[in-house]
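What follows is a single structure, written as structure tokens, with notes after it.
No lab work stands behind these numbers, since they all come straight from the coordinates. Fair warning: this is a prediction, and the values are worked out from it, not measured in the lab. We place every Cβ from the backbone using ideal geometry, glycine too, and count neighbours over all the protein chains shown.
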Amino acid sequence: MSPDISPPYVLTKPVADEQEYYALGEDSPFEFLDGRLVMSPSSYRQEDLGGFLIALARIWLEERGGGVVLGSRYPMRLDPRWSPEPDLLVVTDALRDRLLPTRLEGPAAFVVEIAPDGDPRLDEREKRPRYHQARIPEMWWISPQTGTVLVDQLDGDTYRTRRLTDGRLPSVVLPGFWIEVGWLWQDPLPSTMACLRELLD
């Protein structure tokens with residue numbers, strides 16, 4: 001079956017299996033979502049935000065320890081039909097045995113998704129229910145289009161959910177790590193080093 005584009009700027013190939021997905025290699029732009037190959041072209045804003053957050057989390061973890069951070073293009077295999085590629089994922093030390101050369105075998109401890117311009121609701125609509133099912137302890141859903149961050153943090157058996165436009169957002173998975181939500185909406189983004197000095201103070 002030939003690929004189709006639905007909704008705008010999201011390319012979907014509806015019939016696929018995970019062998020076909022993994023055979024595409026690490027440079028493929030596709031994610032494997034519910035048995036489909038799905039690709040939404042990345043924008044400058046999405047790449048810039050992703051790089052900013054990865055740098056903050058990576059250097060913070062290098063200084064404080066506790067886990068590793070990885071970016072998009074590294075799949076998080078949840079089951080034979082789901083291997084999404086979050087914009088940022090954190091694997092805590094307790095989960096390091098899940099790190100394989102080509103994928104994370106099972107859910108990460110902390111995931112960040114940045115809404116694509118091609119379909120800003122794609123991640124919340126497609127991935128969020130599956131991430132909840134996988135019981136990922138912490139998720140940040142960043143929407144530059146609306147200037148909001150939807151936060152899901154596991155509290156016992158249920159998720160504590162809130163939507164933020166500004167203020168300090170602390171991580172529960174990485175105690176001591178936080179961001180100012182307002183940083184995300186600045187154009188250009190603030191200095192990574194200046195933000196790190198605040199984080200590591």
| Which whole-Hz couplings ³J(HN,Hα) result when phi for each residue of the stretch 181-190 is put into the Karplus expression 6.51 cos²θ - 1.76 cosθ + 1.60, θ = phi - 60°, listed in order with x for Gly and Pro? | 4, x, 4, 5, 9, 6, 9, x, 4, x
| task | Would you work out if the stretch 115-191 is rounded, prolate or oblate? Take a ≥ b ≥ c from the square roots of the eigenvalues of the alpha-carbon gyration tensor; rounded if a/c is under 1.5, else prolate when a/b is larger than b/c, oblate otherwise. | result | oblate
| task | For helix 44-64, report the angle its Cα long axis makes with the longest principal axis of the Cα atoms of the chain; keep it between 0 and 90° and round to the nearest 10°. | result | 60 degrees
| query | When the distances between all Cα atoms of the stretch 27-69 are binned every 10 Å from zero, what whole-number percent does each bin get? | reply | 24, 31, 34, 11
| task | Return the distance in nm (one decimal) between the two label points of a simple spin-label model at TRP185 and ASP97, each offset 7 Å from Cα along Cα→Cβ. | result | 4.4 nm
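If the only charges are +1 at each Lys and Arg Cβ and -1 at each Asp and Glu Cβ, what is the size of the charge dipole of the chain around the Cα centre, to the nearest 20 debye? Intermediate values should be presented prior to the final figure.
Working: 22 positive and 33 negative charges, 68 e Å.
Value, rounded to 20: 320 debye.
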| message | Among GLY25, GLY182, THR165, whose Cα projects farthest towards the positive end of the dipole of the chain, with charges put on the beta-carbon of Lys, Arg (+1) and Asp, Glu (-1)? | response | THR165
| note | Protection proxy (average C-beta count within 10 Å per residue), highest first, orders 90-98, 160-168 as 90-98, 160-168
| request: Would you kindly calculate the mean projected area, averaged across all directions, of the convex hull enclosing the Cα atoms of the stretch 42-200, in square nanometres? | output: 9.0 nm²
